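Enquirer: I have a structure I would like to understand better, so I am pasting it below and will then ask my questions one at a time.
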Amino acid sequence: MLAVGIPAAVLAVAMIAGPLLSAEWGWRTPLLDDLESLTELDAVRALPRTEAVLAALEGQRQLDAGLPYAAWQTLRKHIDLDGQAGQTVNLLAAEAAFEWGGWSEVRALLAERPWVSEFAGGEGALLLARAEQELGDETAAIRGYRSYLAIPNAPERGIASARLGGLLAERGDHVTAALFFEAAAAGVPEVADWLRVKQVEQLVEAGDPMATSVASRQTGGSAAARLRRLELEASGWITAAETERAIDRLDWEARVLSAEGAYAEAGQLQLDRARLLLRSMRPEVGRELLRVVAEDTRAPATIRRDAAAELGELDGLTAGEELARASAYEAGSRPGLAARSLRRTFELGDSSTPEQVLHLADLLFEESDYGGARSEYERADEVLTDPEAKASAVLGAARSLHRRGGSRNRQKALEEYRGIAEDHAGTAAAGSALFYLGDAASTRESGLAYYRRAAAIPSSPNAREALFRVGDRSLRLDDTAGAIRAWEQYVARYPRGEPTSDVAYEVGRLHETAGRAARARPMYQAAMSADPVSYYAVRAAEKLGVNSLDDVLAEPEPWVGLASEPAEAAAVLRRLDQLDELGLEEAWEAEYESALRSFERQPLARLVLAEGMRDRFRPVEGIRLGRQLLSERNGEWDERLLRVVFPFLYQEAIVAEAQRADIDPIFYAALVRQESAFQAAVKSRVGATGLGQIMPSTGRWLASAVGITDYQQSLLEIPEVNLRMGTRYIRDLLRRYNGAEDLALAGYNAGPGRADRWRRQFNYGRDTDRFREAIPFDETRHYVKIVLRNESVYRRLYGKD
């Protein structure tokens, strides 16, 4: 039976695999040759080859599905097969190991294999060199890249040349490194500007007099690359005692960059130029240029701050120069230095306005110089005439005294707050004074009275919180009707934001508990409208039997932008891909930051960039960009923005492992979003690692349960391994708590022992909301809410997938 069955099976494999291999597998097609000869072999000899073909087919499917670790596990059993078919399986296994970062495995698969430089265009030689580089063996990596470059018509010569150049640069062989960066520029024209920069850097390091000439012959490129290249060129002219030429060159290029809107790069070049001018025969021009850069609001705060610092090293500063420094330091979040420079402008005879005196006091308060702040607030009070500004100065003086501490200061500050409330009634400052009096009140009743008066002044920055506290204190005093009145007013006055969602949901719950379903419904709807992705919006939607995102996705706010913006962002992403593949991390960072600045007023371009970061497994950058865009859109979501802020990376792996553990993949994706934001190698301060933030000790005892016999802590950084352990752990918790997700999440975050205790202590099952609000650990309480919120969002976005 065996002798007859195997050839028949081989024929079946050939019929299925043959078209797939020939159509899509490229260098993997040697397996086809094996298929043709397998039917001529006896069953014993044909069996391992048939299994290898099937393994290769399955391994490729797993790779295509985003399961590289599973592919490697599938293929590793067949790597010892001889002939080209064996080489094919071996190289495919190395590709799989490369995908999950198994550099030692790549080395083991490809080292000492004579065919790596001859088979499949030398792809194995390039993979091996990269593995040696990642494992820190520079000598072997250099040898590997040189070996690859020796292959005629090697397809990735640019990548190999760039990585070899980087290794040689680290070794101090700058001249040879420059040659390889030059070769890489020819092979990777998309980022030739950065590779030429690397070439010039190495020539400068080598002291080559041709460095300046090479740099000056280069034109074009991105703003970030041009900045670096021009700085190198200027350095060369200075070395050649041609400082004036460097100054002129920097000035010209700074003007060009400024005209293109690259204000950060232009500002840096002008700062470099100012430094040269100060050392030249024209120090007064450099001095004036430092002042201009310091007060240039288009330049980044860091550049302005640097200009201010260098200006401060000069003698005899004028009031105008100190004012420029004050502006720069304030932009750079240095209130103490800003206050010092602003005060200096007054001392230098520059007539200060009452508003400037008040601003100086605010800066000193921000710096926690409460004594100095109180003096300046008192001085501002003497010269200000506007009622609101005058009241603000008096309030600042009282707050400064309060912050200085001590019972006497505190009592005097409270007296001053009472005076402000009476003498400046109706002003924003009076509202704040009343709020502070409410905080200091000795009883809930007196505090409530102050909060009511503070909430009645909507212009006060504390009015919103005061109105919330009116409801909260009323509820604590068993005045449910008063709480409802205050909070319904809160929802009407402040209809947007997560706090409003919280308040509206609580009012709806109070109405529902009292049997007023008709009044509860509009409050639940208000909770969803206030912030559709908040936890309380999700709870309100559950009450109404809908999804909180339904209205948002039905009528999204359109994106406004030029038709060219997506293409511009796509071009940036292509360049970033190339820089990443070449291993030029600093260039990647500079290019990305430059792109963010250039797209500052192009929200559609930044959305495409955020989507690109997500799709390239850089979720944190994407989420950060998405949050910025959401703020600019005044909290208006749409599906694209939701999928950026709530990405679903490693989707195939999460689905596979969740199904293996018999849990809901959407639920586990929601957990991963909170635990790690889909960063596979992230570690917490206590050592929790990977997508599910599994502790090494937890991973050790989970390993045997999921079939891992050679457990090492580094395995937790492999997405598939981490997911297998994490899904198994949460499955056990769900079973422990009969499917109760909130209890399982509490156990996942704080430990099942604590979750067991809270279940008993807070009568789990009687009131879902009260149980979740009663969880005593702030971190765990928020964690449970956020993951459950995430689950609702993910189900609406990805449930149909």
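Enquirer: Could you list, in sequence order, the residues of the range 116-149 that are open to solvent by less than 40 Å² (accessible area, probe 1.4 Å) and not small (G, A, S)?
Expert: Within the range 116-149, V116, F119, L126, L127, L128, E132, I142, Y145, Y148, L149 qualify.
Enquirer: Within the range 618-629, is even one residue touching a residue at least 40 places away in the same chain (Cβ under 8 Å) and in contact with a Gly (Cβ under 9 Å, 6 or more places away or on another chain)?
Expert: No: zero hits.
Enquirer: Consider R574 against the criteria (1) closer than 30 Å to E156 by Cα; (2) charged (D, E, K, R); (3) without any contact (Cβ under 8 Å) to a residue 24 or more places away in the chain: it satisfies all of them except one. Which criterion is unmet?
Expert: Just one mismatch for R574, condition (3).
Enquirer: Has the range 521-542 got any residue that is at pLDDT 95 or above, among the acidic types (D, E), part of a loop (DSSP other than H, G, I, E, B) and within 30 Å of R469 (Cα to Cα)?
Expert: Taking the range 521-542 first, the residues at pLDDT 95 or above are 521-542.
Narrowing the set further to residues that are among the acidic types (D, E) leaves 531, 542.
Those left that are additionally part of a loop (DSSP other than H, G, I, E, B): 531.
From the residues that got through so far, the ones that are within 30 Å of R469 (Cα to Cα) too are 531.
Checked the range 521-542: at least one residue is at pLDDT 95 or above, among the acidic types (D, E), part of a loop (DSSP other than H, G, I, E, B) and within 30 Å of R469 (Cα to Cα).
Enquirer: Could you tell me whether any residue of the range 682-689 is assigned to a helix (DSSP H, G or I) and buried (at least 19 other Cβ atoms within 10 Å of the Cβ)?
Expert: No, because not a single residue in the range 682-689 is assigned to a helix (DSSP H, G or I) and buried (at least 19 other Cβ atoms within 10 Å of the Cβ).
Enquirer: Is one or more of the residues making up the range 599-606 part of a loop (DSSP other than H, G, I, E, B) and within 30 Å of A526 (Cβ to Cβ)?
Expert: We begin by selecting, within the range 599-606, every residue part of a loop (DSSP other than H, G, I, E, B); these are 599-602.
Then drop every residue that is not within 30 Å of A526 (Cβ to Cβ), which leaves none.
No.
Enquirer: So in the range 308-335, with the set limited to residues that are in a helix (DSSP H, G or I) and over 19 Å from E288 (Cα atoms), which one is most open to solvent (accessible area, probe 1.4 Å)?
Expert: E330
Enquirer: Right, here's the next one. Say we look at the range 479-489 and pick out the residues that are farther than 14 Å from Y524 by Cα and within 39 Å of the chain's Cα centre (by Cα); which of these is most open to solvent (accessible area, probe 1.4 Å)?
Expert: The qualifying residue most open to solvent (accessible area, probe 1.4 Å) is Q489.
Enquirer: In the range 336-371, which residues are surrounded by fewer than 17 Cβ atoms within 10 Å (Cβ to Cβ) and over 25 Å from D315 (Cα atoms)?
Expert: T353, E355, E366, S368, G371
Enquirer: Can you spot a residue in the range 640-656 that is out of contact with any Lys or Arg (no Cβ under 8 Å at 6 or more places or on another chain) and over 30 Å from R735 (Cα atoms)?
Expert: yes
Enquirer: Given the residues R245, R279, R305, which is the only one that is in contact (Cβ under 8 Å) with a residue 24 or more places away in the chain, farther than 22 Å from A590 by Cβ, open to solvent by 10 Å² or more (accessible area, probe 1.4 Å) and touching a helix residue (DSSP H, G or I) at 6+ places or on another chain (Cβ under 9 Å)?
Expert: Numbers: R245 fails: in contact (Cβ under 8 Å) with a residue 24 or more places away in the chain; R305 fails: farther than 22 Å from A590 by Cβ.
After ruling out the rest, the residue left standing is R279.
Enquirer: Could you tell me which residue of the range 188-218 is surrounded by the fewest Cβ atoms within 10 Å (Cβ to Cβ), considering only residues that are more than 17 Å from G172 (Cβ to Cβ) and of a type in the set (G, A, S)?
Expert: Looking at the filtered set, the residue picked out is S213.
Enquirer: Right, here's the next one. Can you run down the residue pairs with Cβ atoms below 9 Å, 6 or more apart or on separate chains, where the first is in the range 771-785 and under 13 Å from L743 (Cβ atoms) and the partner is in a loop (DSSP other than H, G, I, E, B) and open to solvent by 30 Å² or more (accessible area, probe 1.4 Å)?
Expert: Short answer, once both residue conditions are applied: F771/F762; F771/N763; F771/Y764; F771/G765; A774/F762; I775/F762; Y783/F777.
Enquirer: Still on this structure, I have one more. Of all residues in the range 690-715, count the ones that are open to solvent by less than 70 Å² (accessible area, probe 1.4 Å), among the hydrophobic types (A, V, I, L, M, F, W, C) and assigned to a helix (DSSP H, G or I).
Expert: 4
Enquirer: Sticking with this one: Somewhere in the range 780-795, is a residue of a type in the set (A, V, I, L, M, F, W, C), more than 14 Å from Y535 (Cα to Cα) and either open to solvent by 30 Å² or more (accessible area, probe 1.4 Å) or in contact with a Cys (Cβ under 9 Å, 6 or more places away or on another chain) (or both)?
Expert: no
Enquirer: I'd like to check something: does the range 593-606 contain any residue that is touching a Pro at 6+ places or on another chain (Cβ under 8 Å) and open to solvent by 50 Å² or more (accessible area, probe 1.4 Å)?
Expert: yes
Enquirer: Separate question: Look at I730 and say whether it is farther than 30 Å from A540 by Cβ, touching a residue at least 60 places away in the same chain (Cβ under 8 Å), open to solvent by less than 60 Å² (accessible area, probe 1.4 Å) and touching a Phe, Trp or Tyr at 6+ places or on another chain (Cβ under 7 Å).
Expert: Spelling it out, it is not the case that I730 is farther than 30 Å from A540 by Cβ, touching a residue at least 60 places away in the same chain (Cβ under 8 Å), open to solvent by less than 60 Å² (accessible area, probe 1.4 Å) and touching a Phe, Trp or Tyr at 6+ places or on another chain (Cβ under 7 Å).
Enquirer: Then there's this: Tell me the residue from Y592, Y524 that is aromatic (F, W, Y) and within 30 Å of T480 (Cα to Cα), please.
Expert: Details: Y592 fails: within 30 Å of T480 (Cα to Cα).
Criteria check complete, one pass: Y524.
Enquirer: Right, A266: under 22 Å from E367 (Cβ atoms), open to solvent by less than 30 Å² (accessible area, probe 1.4 Å) and assigned to a helix (DSSP H, G or I) or not?
Expert: No; evaluated as a whole, the condition is false for this residue.
Per-residue answers, yes or no, for (1) of a type in the set (S, T, Y); (2) in contact with a His (Cβ under 6 Å, 6 or more places away or on another chain); (3) farther than 13 Å from L582 by Cβ:
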{"site": "E118", "(1), (2), (3)": "no, no, yes"}
{"site": "D137", "(1), (2), (3)": "no, no, yes"}
{"site": "G165", "(1), (2), (3)": "no, no, no"}
{"site": "R171", "(1), (2), (3)": "no, no, yes"}
{"site": "T176", "(1), (2), (3)": "yes, no, yes"}
{"site": "A183", "(1), (2), (3)": "no, no, no"}
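Enquirer: So which residues in the range 743-767 are in contact (Cβ under 8 Å) with a residue 24 or more places away in the chain, open to solvent by less than 20 Å² (accessible area, probe 1.4 Å) and within 30 Å of G66 (Cβ to Cβ)?
Expert: Answer for the range 743-767, where residues must be in contact (Cβ under 8 Å) with a residue 24 or more places away in the chain, open to solvent by less than 20 Å² (accessible area, probe 1.4 Å) and within 30 Å of G66 (Cβ to Cβ): just L745.
Enquirer: Can I ask one more? When you go through (1) open to solvent by 60 Å² or more (accessible area, probe 1.4 Å); (2) not in a loop (DSSP other than H, G, I, E, B) one by one for V293, which number turns out not to apply?
Expert: Answer for V293: the failing condition is (1).
Enquirer: Check L81, L75, L92 and return the single one that is in a helix (DSSP H, G or I) and touching a residue at least 24 places away in the same chain (Cβ under 8 Å).
Expert: Details: L81 fails: in a helix (DSSP H, G or I); L75 fails: touching a residue at least 24 places away in the same chain (Cβ under 8 Å).
None of the others qualify; the one that does is L92.
Enquirer: Could you give every pair whose Cβ atoms fall below 6 Å, whose first residue belongs to the range 538-566 and is within 20 Å of G508 (Cα to Cα) and charged (D, E, K, R), and whose second residue is modelled with pLDDT of 95 or more and open to solvent by less than 90 Å² (accessible area, probe 1.4 Å), counting only separations of at least 6 or pairs across chains?
Expert: R539/Y505; K543/Y524
Enquirer: Sticking with this structure for a sec: Taking the range 543-560 as the region of interest, how many residues are out of contact with any Leu (no Cβ under 8 Å at 6 or more places or on another chain), open to solvent by less than 60 Å² (accessible area, probe 1.4 Å) and not in a helix (DSSP H, G or I)?
Expert: 2
Enquirer: Taking the condition open to solvent by less than 60 Å² (accessible area, probe 1.4 Å), outside any helix (DSSP H, G or I) and closer than 28 Å to L573 by Cα, does G221 pass?
Expert: Criteria met by G221.
Enquirer: Would you point out which residue out of A441, A466, A454 is in contact with an Asp or Glu (Cβ under 9 Å, 6 or more places away or on another chain) and surrounded by 15 or more Cβ atoms within 10 Å (Cβ to Cβ)?
Expert: Among A441, A466, A454, only A454 is in contact with an Asp or Glu (Cβ under 9 Å, 6 or more places away or on another chain) and surrounded by 15 or more Cβ atoms within 10 Å (Cβ to Cβ).
Enquirer: Moving on to the next point. From E636, E657, E652, grab the single residue that is open to solvent by 30 Å² or more (accessible area, probe 1.4 Å), in contact with a Gly (Cβ under 9 Å, 6 or more places away or on another chain) and in contact (Cβ under 8 Å) with a residue 60 or more places away in the chain.
Expert: Of the residues listed, the single one that is open to solvent by 30 Å² or more (accessible area, probe 1.4 Å), in contact with a Gly (Cβ under 9 Å, 6 or more places away or on another chain) and in contact (Cβ under 8 Å) with a residue 60 or more places away in the chain is E652.
The values are calculated or read from the model by the stated rules, or taken from the named source; none is laboratory data. In this text, all values refer to a predicted model and were calculated from it rather than measured experimentally. Don't worry about glycine lacking a Cβ; one is built from the backbone with ideal geometry, like all the others, and counts go over all protein chains shown. The accessibility values were calculated without ligands, DNA or RNA, using every heavy atom of the protein model including side chains. Shrake-Rupley method; radii C 1.70, N 1.55, O 1.52, S 1.80 Å.
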